[in-house]
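**Q** Sending over a structure as structure tokens; questions will come in a sec.
Taken together, the values in this text are just the output of simple stated rules run on the coordinates, not laboratory data. This one's a predicted model, so the numbers in the text were calculated from it and none came from an experiment. Glycine also receives a Cβ, built like all others from the backbone with ideal geometry; neighbour counts cover every protein chain displayed.
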Amino acid sequence: MADINELKCVASQVRRDIVRMVSMAKSGHPGGSLGCADFLTALYFEVMDHDPAFNMNGKNEDVFFLSNGHISPLWYSVLSRSGYFKTEEMATFRKINSRLQGHPATHEGLPGVRVASGSLGQGLSVAIGVALAKRLDGDDKTIYALTGDGELQEGQIWEAAMFAAHHKVDNLIVTVDWNGQQIDGANDDVISLGDLEGKWRTFGWEVLHMNGNDMEDLLRGLREAKEKSRKGKPIVILMKTEMGAGVDFMMGTHKWHGVAPNAEQTEVALAQLEETLGDF
Amino acid sequence: MISNIVSEGKKATRNGFGDAMTELGQQNPNVVALCADLVGSLKIQQFIANHPERFFQVGIAEANMIGIAAGLATAGKIPYTTTFANFSTGRVYDQIRQSVAYSHKNVKICASHAGLTLGEDGATHQILEDIGMMKMLPGFTVINPCDYAQTKAATLAIAEHHGPVYLRFGRPGWPMFMGDQPFEIGKALPLNEGSDVSIFATGHLVWKAVEAVKELEAEGISCDLINIHTIKPLDEEAVLDSVLKTKCVVTAEEHQMNGGLGDSIAQLLARKLPTPMEFVAVKDSFGESGTPDDLLKKYGLDSSDIISAVKSVLQRKK
């Protein structure tokens, strides 16, 4: 098991990468990206058994799908820092002729991405497809997927939820980034998610909780999820996060969902995030 | 020779699909099937009986079906999604666009009950816009076979093609006239050689065109009849070769004029060989309940409409 401090160091660098990518592109989604930085760091640097040489079919490795594709700068940073592609490429984010599209895509052949996402609500279904294929192939690796919380307003999510329970897709661990915010405001002001735990439970899922901005609790939660997998039920982890976590002026508000910091704000943000692995 | 093309009884194109799925199940272990609560309509019962582990019932949840298919394809399977054409396209267009087309997944979207000949269920189910929607998606192959045997052959052929495919077929019993033959994606099939007019037909209307050509030839009008089973990629060479010879065109299809086969051919000819053209297609309207025959007559898709279109385009020919 990796040292918790090492994971925290990676997460700090990932946050710097996010702020710098979004700032250089003058566009992108820093809020959710920062909020899930600890989670995706834990997944790629500790939990998943994955191969940065990258095979599209993901055979005999754990596979991750990002359904809330707008937090692409986070994923690009984690993929790059894990060795999927050179860190310099992060400088091309959202620019012309780049593999690092505004929302993740396979079209330009970026290693680590297996399906496009951005139009919300689709990633869970795709993850189920890979989970079914692994079952057919006798491959005992695990499928992970991340969705936003506002994204749960999409009907397809609940189609997928019903399917996974009925077909006992138990090699699947879905995490919901439960930051309570979406573009137009708090979930509760836009369309309330209601009893989120009860919804998943009555759909037939095993429901777990973790704090997405506490590395120790993340590792505990992901370990628990792995232990509870392959017992006949799909697993969802309701992960509490703070949008903008790590940059004080971006925290606790939906206003930084999809806005880039200006030069001055970027400087303030970077001063709060230690450079641990070297900036790209 | 047109006189050699005769109906050897009727069978629905969807039966050709179902029978091919049974064969594919035995031939190709990577082929898997999904269905949104229409197993009987899609004729895949035998596939399911033979390979229950390779079939996924998704219930009435087509968006989820498309996403799951994209995932199965990612992992190396060859998923065939099955439901009515309406629910295979318009209902799930964004899912197909992002998770299948843009992501270039090897998914086969197999759609029955396309067009007016779905009949009595009416316009809610009679999709006439699907070819247009699907051909607009970059990288998609769009196929509309004309009879039982051609549908069967197409269903087998698309398993060997790596890339997303839309395969469109229909509900009613329909004349079988093509016989067993190999299916080559993107290769138009000449059915009758002629010099006065080119007729390009797809799907069920190929048979209507055969009937029309028999009458026209009897009247001394020489028709170049070509079955365009693959609307995208279009066999441009076959179209241009025919039109160079005849210098006028009629297209026939069970689809809106906007976005259909005729539209693809008109676009090609406008770029390469501007030519007088008539379209036998639905002219910007919805269908309604009725028998397939009554509907084809009322909406101008009968053999008599093809004959009128030929006569009218011949008048315009320079």
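**Q** Can you give the mean number of other chain Cβ atoms that lie within 10 Å of the Cβ atoms in peptide A:111-121?
**A** Values: counts 0, 0, 1, 6, 12, 10, 3, 2, 6, 2, 5.
If you average over the peptide's residues, the count of other-chain Cβ atoms is 4.
**Q** Pop out the ³J(HN,Hα) list for the range B:176-181 in order, Karplus 6.51 cos²θ - 1.76 cosθ + 1.60 with θ = phi - 60°, rounded to Hz; leave Gly and Pro as x.
**A** Going residue by residue, I get 9, 9, 8, x, 6, 7 Hz, with x marking Gly and Pro.
**Q** Quick one: helix B:205-218 against the long Cα principal axis of chain B, what's the angle to the nearest 10°, folded into 0 to 90?
**A** The two axes meet at around 20 degrees.
**Q** Would you grab the residues whose amide H sits under 5 Å from the one on residue A:179? Only those 5+ places off in sequence or on another chain, please, with H modelled 1.01 Å from N.
**A** Amide H neighbours of residue A:179: A:149, A:241.
**Q** In the protein assembly as shown, what percentage of the DSSP-assigned beta bridges are antiparallel, given to the nearest 5?
**A** If I count the DSSP bridges inside the protein assembly as shown, around 15 percent turn out antiparallel.
**Q** Specify the angular offset, from 0 to 90 degrees and rounded to the nearest 10, of the alpha carbon long axis of helix B:148-159 from the longest principal axis of the alpha carbons in chain B.
**A** Compared with the principal axis, the helix lies near 50 degrees.
**Q** Do the alpha carbons of any pairs in B:135/B:245; B:214/B:318; A:134/B:187; B:208/B:245; B:105/B:187 sit beyond 31 Å of each other, and which pairs? Don't jump to the answer; show the numbers that get you there.
**A** Details: B:135/B:245 27 Å; B:214/B:318 24 Å; A:134/B:187 36 Å; B:208/B:245 23 Å; B:105/B:187 23 Å.
Too far apart for the 31 Å limit: A:134/B:187.
**Q** Averaging sequence separations of C-alpha pairs under 8 Å and six or more residues apart, then dividing by the length of chain B, give the relative contact order as a whole percent.
**A** Numbers: 750 pairs, mean separation 58.8, N = 318.
Relative contact order of chain B: 19 percent.
**Q** Could you tell me whether the range A:166-280 comes out rounded, prolate or oblate from its Cα gyration tensor? Rule is a ≥ b ≥ c as square roots of the eigenvalues, rounded for a/c under 1.5, then prolate if a/b exceeds b/c, otherwise oblate. Mind showing how you got there, number by number?
**A** Details: a/c = 3.15, a/b = 1.64, b/c = 1.92.
Because a/c hits 1.5 or more and a/b fails to exceed b/c, the range A:166-280 counts as oblate.
**Q** Among the lysines, select those whose C-alpha is under 18 Å from the C-alpha of residue A:255, and discard any that sit fewer than 8 residues away in the same chain.
**A** A:26
**Q** Please compute the modelled spin-label separation between residue B:289 and residue B:120, points set 7 Å along Cα→Cβ, answer in nm with one decimal.
**A** 0.9 nm
**Q** How much length, in nm to one decimal, is gained on full extension between residue B:236 and residue B:10, taken as 0.36 nm per residue of separation minus their Cα-Cα distance?
**A** Working: separation 226, 0.36 × 226 = 81.36 nm, distance 3.12 nm.
78.2 nm is the gain from fully extending residue B:236 to residue B:10.
**Q** Find how much the distance from residue A:108 to residue A:5 grows on full extension, using 0.36 nm per residue of separation minus their present alpha carbon separation; answer in nm with one decimal. Present the calculation step by step, with values, prior to reporting the outcome.
**A** On the way: separation 103, 0.36 × 103 = 37.08 nm, distance 3.49 nm.
Roughly 33.6 nm would be gained on extension.
**Q** Per the helix-only calculation at 222 nm, which mean residue ellipticity applies to chain B, given -39500 (n - 2.57) for every DSSP H run of n ≥ 4 and division by its residues, nearest 500 deg cm²/dmol? Intermediate values should be presented prior to the final figure.
**A** Numbers: 12 runs with 118 residues, N = 318.
The helix contribution divided over chain B gives -11000 deg cm²/dmol.
**Q** So what's the net charge close to residue B:257: Lys and Arg +1, Asp and Glu -1, counting the other residues with Cβ under 9 Å from its Cβ? Intermediate results must be reported in sequence, preceding the final value.
**A** Numbers: positive: B:283; negative: B:253, B:263, B:284.
Combined, the nearby Lys, Arg, Asp and Glu give -2.
**Q** Where Lys and Arg each count +1 and Asp and Glu each count -1, what net charge lies around residue B:156 among other residues with Cβ under 13 Å from its Cβ? Kindly include the intermediate steps, with their values, before the conclusion.
**A** On the way: positive: B:108, B:152; negative: B:19, B:23, B:160, B:180, B:184.
Cβ neighbours under 13 Å give a net charge of -3.
**Q** Right, another one. Residue B:231's amide H: which non-local residues (gap 5+, or another chain) put their own amide H closer than 5 Å, with H modeled 1.01 Å from N in plane and none for Pro or chain starts?
**A** For residue B:231, whose amide H was placed from the backbone, the distant partners under 5 Å are B:142, B:143, B:144.
**Q** What does the charge count around residue A:105 come to, taking other residues whose C-beta lies under 11 Å from its C-beta (Lys +1, Arg +1, Asp -1, Glu -1)? Please report the intermediate quantities before stating the final value.
**A** Working: positive: A:99, A:114; negative: A:108.
Its environment carries a net charge of +1.
**Q** Could you compute the FRET efficiency for residue A:276 and residue A:214, with r as their C-beta to C-beta distance and R0 at 22 Å, rounded to 0.05?
**A** So the FRET efficiency works out to roughly 0.75.
**Q** Let me ask something additional. Rank the residues A:229, A:80 as a footprinting-exposure proxy: fewest other Cβ atoms within 10 Å of their Cβ go first.
**A** Numbers: A:229 18, A:80 23.
Fewest to most other Cβ atoms nearby, the residues stand as A:229, A:80.
**Q** Further question on the same structure: Calculate one ³J(HN,Hα) per residue across the range B:111-117 by plugging θ = phi - 60° into the Karplus curve 6.51 cos²θ - 1.76 cosθ + 1.60, and present them in order as whole Hz with x for glycine and proline.
**A** 10, 9, 6, 6, x, 5, 5
**Q** Does the range B:8-175 classify as rounded, prolate or oblate by the C-alpha gyration tensor (a ≥ b ≥ c root eigenvalues; a/c under 1.5 gives rounded; else a/b over b/c gives prolate, otherwise oblate)?
**A** Details: a/c = 1.43, a/b = 1.10, b/c = 1.29.
The shape class here is rounded.
**Q** Then there's this: Under 5 Å between amide hydrogens, which residues at least 5 positions from residue B:83 or on another chain qualify, with H placed 1.01 Å from N in the peptide plane?
**A** Close amide H contacts, sequence-distant or interchain: B:110, B:112.
**Q** I'd like the Karplus ³J(HN,Hα) series for the range A:262-277: coefficients 6.51, -1.76, 1.60, θ = phi - 60°, whole numbers in Hz, and an x wherever there's a Gly or Pro.
**A** Karplus-based 3J(HN,Hα) across the range A:262-277 equals 7, 4, 5, 5, 4, 4, 4, 5, 5, 5, 8, 10, 5, 7, 10, 10 Hz.
**Q** What angle do you read, to the nearest 10 degrees and between 0 and 90, between the alpha-carbon axis of helix B:13-27 and the longest principal axis of chain B?
**A** So the inclination is approximately 50 degrees.
**Q** Continuing with this model, one more query. Students often forget the sequence filter, so: which aspartates and glutamates lie under 13 Å Cα-Cα from residue B:152 once same-chain residues fewer than 8 apart are removed?
**A** Cα-Cα hits under 13 Å: B:19, B:23, B:180, B:184.
**Q** Students often get this wrong: which residues of the range A:153-171 have the backbone nitrogen under 19 Å from the point 7 angstrom along Cα-to-C-beta of residue A:140?
**A** Flagged as within label range: A:169-171.
**Q** Counting only DSSP beta bridges with both residues in chain A, what percent are antiparallel, rounded to the nearest 5?
**A** Numbers: 2 of 24 bridges.
Around 10 percent antiparallel, to the nearest 5.
**Q** Taking the alpha-carbon centroid of each part, what is the distance from the range B:175-204 to the range A:115-181 in angstrom?
**A** Each part's Cα centre sits 44 Å from the other's.
**Q** Shifting gears a bit: Under the rule of -39500 (n - 2.57) per DSSP H run of 4 or more residues, summed and divided by the residues of chain A, what mean residue ellipticity at 222 nm is obtained, to the nearest 500 deg cm²/dmol?
**A** Working: 10 runs with 104 residues, N = 280.
Calculated at 222 nm, the ellipticity per residue is -11000 deg cm²/dmol.
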